[in-house]
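K.L.:
Once you've had a glance at the structure underneath, I'll fire off some questions.
Laboratory data are not the source of any read-out in this text; all were calculated from the coordinates shown. All values derive from a computational prediction rather than experimental measurement. Quick reminder, even Gly has a Cβ in these numbers, built from the backbone with ideal geometry, and neighbours come from all protein chains shown.
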Amino acid sequence: MERVHWSVFSWMITMISLALSACPPQLQNACYSHDECINGYLCDLEKEKCIECKDCTPCKSQKDCEDDNICTDDVCPVSGICKNTPHTRACSDDIFCNGEDTCNGEGECLHAGDPCGTLSCDETKKGCVCTIHGDCPQDHLCNLEKKICTMCPGCMTCTIQAECNDNNICTHDSCPASGICKYENTMDACDDGLFCNGTETCDGNGNCTHSGYPCEGLGCNEELNGCTCLQHGECQQGSLCNLEKNICVECPGCKPCNLQADCRDDNLCTNDVCPASGICEYVDNTDPCDDGLF
């Protein structure tokens, strides 16, 4: 009985040995590079094991996996074996007249068909041919210059510039040959009618922006559009204090005064005045004058 058991055990050992000898050495042991595996196999570098993968591509970076198919996501995973997964996102074959293109989830870019319905299609201009705005489908208008329907939701048609007025001081409004209003953002000066938020400038995105509080260290009077002051020295360079209104006024080259004599300019043809503002005024006159020559 014991001999029988030993014989069976011996037979099993023999069979296992034969099976192992038939298995290629590359599949018996762990692998650390693709070269260690036989033809038709690659090393899964994450699991450190040879796997059957006849049409696979080994990789070190995503660039190694690019298959030039816009309908697959190309990845080089930790395994070091490229993964090219089909998706269902939009694609493009650069042809307009066969319709919008979408990947089908099997690696193919499929087309929706003729996009122009009852209109003819112009592949050169990448659009449906039209002669008036009403020819085009919803959210499209006819570019009257190119005679092609253009997607333009919310756009306005026009024959003259006045029809394109959007009441935005930060856009340049025009009615071009296309017959579709055009609005170009500017960076020009603008004005919101308020003084105490600073000077305004268009930001290039259609908005009138403010430089900020203009009266550093002083109060601001919105009604008089100025910074409040009590004396000339409180105002910024190029400005003087209007002592009557107690407001800084821009007045480069002007002279402050307490008396009329402070305003004398030695010009016979001006009346020199020191008004309540405390800023000299020079009023041209028509009085007789003498240059000393007969």
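K.L.:
For LYS182, go through the lysines and keep the ones whose alpha-carbon is under 19 Å away, minus same-chain ones fewer than eight residues off.
P.N.:
Of all the lysines, those that pass the test against LYS182 - Cα under 19 Å, at least 8 places apart if same chain - are LYS146, LYS147.
K.L.:
With +1 on each Lys and Arg Cβ and -1 on each Asp and Glu Cβ, how big is the dipole of the chain about its Cα centre, in debye rounded to the nearest 20?
P.N.:
Around 1780 debye, computed over the chain.
K.L.:
Starting from the eigenvalues of the Cα gyration tensor, five times each then square-rooted, give me the equivalent ellipsoid semi-axes of the chain, largest first, whole Å.
P.N.:
86, 37, 16
K.L.:
With each pseudo-label sitting 7 Å past Cα toward Cβ, what's the ASP35-VAL273 distance in nm, one decimal?
P.N.:
About 10.0 nm, to one decimal.
K.L.:
Which value at 222 nm does the chain reach when only helices count, each DSSP H run of 4 or more adding -39,500 (n - 2.57), with the total divided by all residues and rounded to the nearest 500 deg cm²/dmol?
P.N.:
Theoretical 222 nm ellipticity from helices: -2500 deg cm²/dmol.
K.L.:
Okay, moving on. So who's got an amide H within less than 5 Å of the one on CYS130, skipping anything under 5 residues away but keeping other chains? H placed 1.01 Å off N, in plane.
P.N.:
ILE148, CYS149
K.L.:
Classify the range 146-294 from the C-alpha gyration tensor, please: rounded if a/c falls under 1.5, else prolate or oblate depending on whether a/b exceeds b/c.
P.N.:
Verdict is oblate for the range 146-294.
K.L.:
Continuing with this model, one more query. Sequence neighbours fewer than 8 away in the same chain don't count; with that in mind, list the lysines whose C-alpha is under 28 Å from LYS60.
P.N.:
Within the straight-line cut-off, LYS60 pairs with LYS47, LYS49, LYS83.
K.L.:
I'd like the GluC sites (Glu not before Pro) in the range 112-194 restricted to DSSP loop residues with at most 12 other Cβ atoms within 10 Å, sorted by number.
P.N.:
GLU123, GLU145
K.L.:
Taking θ = phi - 60°, what integer Hz values does the Karplus form 6.51 cos²θ - 1.76 cosθ + 1.60 yield along the range 209-217, in sequence order, with x for Gly and Pro?
P.N.:
Result, ordered by residue: 9, 10, 6, x, 3, x, 10, 3, x Hz.
K.L.:
If you count, for each residue, the other Cβ atoms within 10 Å and average over each peptide, how do 137-143, 282-288 line up from highest to lowest?
P.N.:
Result, highest mean first: 137-143, 282-288.
K.L.:
Moving on to the next point. So what J values fall out for the range 194-205 if you push phi through Karplus, 6.51 cos²θ - 1.76 cosθ + 1.60 with θ = phi - 60°, rounded to Hz, Gly and Pro as x?
P.N.:
Result, rounded to whole Hz: 10, 8, 6, 9, x, 6, 10, 9, 5, 8, x, 10.
K.L.:
State, to one decimal in nm, how far the label point of GLU223 lies from the label point of ASP192, with both points 7 Å from Cα in the Cβ direction.
P.N.:
For GLU223 paired with ASP192, the spin-label model returns 2.2 nm.
K.L.:
Sticking with this structure for a sec: How far apart, in nanometres, would the label points at LEU110 and ASP166 be if each is projected 7 angstrom from Cα along the Cα-to-Cβ direction?
P.N.:
My value for the distance between the label points is 3.9 nm.
K.L.:
Enumerate the amide H contacts of LEU110 below 5 Å, restricted to partners 5 or more residues apart or on another chain; note that Pro and chain-start residues carry no placed amide H.
P.N.:
So LEU110 has HN proximity to THR102, CYS103, ASN104.
K.L.:
Sorting ASP94, ASP122, ASP203 on the 10 Å Cβ count, fewest up front, what's the list?
P.N.:
Going from sparsest to densest Cβ surroundings: ASP94, ASP203, ASP122.
K.L.:
To the nearest 10 degrees, how steeply does helix 2-22 sit against the main Cα axis of the chain, on a 0 to 90 scale?
P.N.:
Roughly 50 degrees, rounded to the nearest 10.
K.L.:
Okay, moving on. Taking +1 at the Cβ of each Lys and Arg and -1 at the Cβ of each Asp and Glu, which of THR85, CYS128, ILE169 sits farthest along the dipole of the range 18-171 towards its positive end, judged by Cα position relative to the Cα centre?
P.N.:
ILE169
K.L.:
Explain nothing, just compute: Karplus ³J(HN,Hα) = 6.51 cos²θ - 1.76 cosθ + 1.60, θ = phi - 60°, for every residue of the range 115-123 in order, whole Hz, x for Gly and Pro.
P.N.:
Values, residue by residue: x, 9, x, 7, 8, 7, 10, 10, 5 Hz.
K.L.:
Compute from the Cα atoms of the range 64-167 the Rg and the Dmax, the latter being the longest Cα-Cα distance, and quote both in angstrom.
P.N.:
20.0, 65
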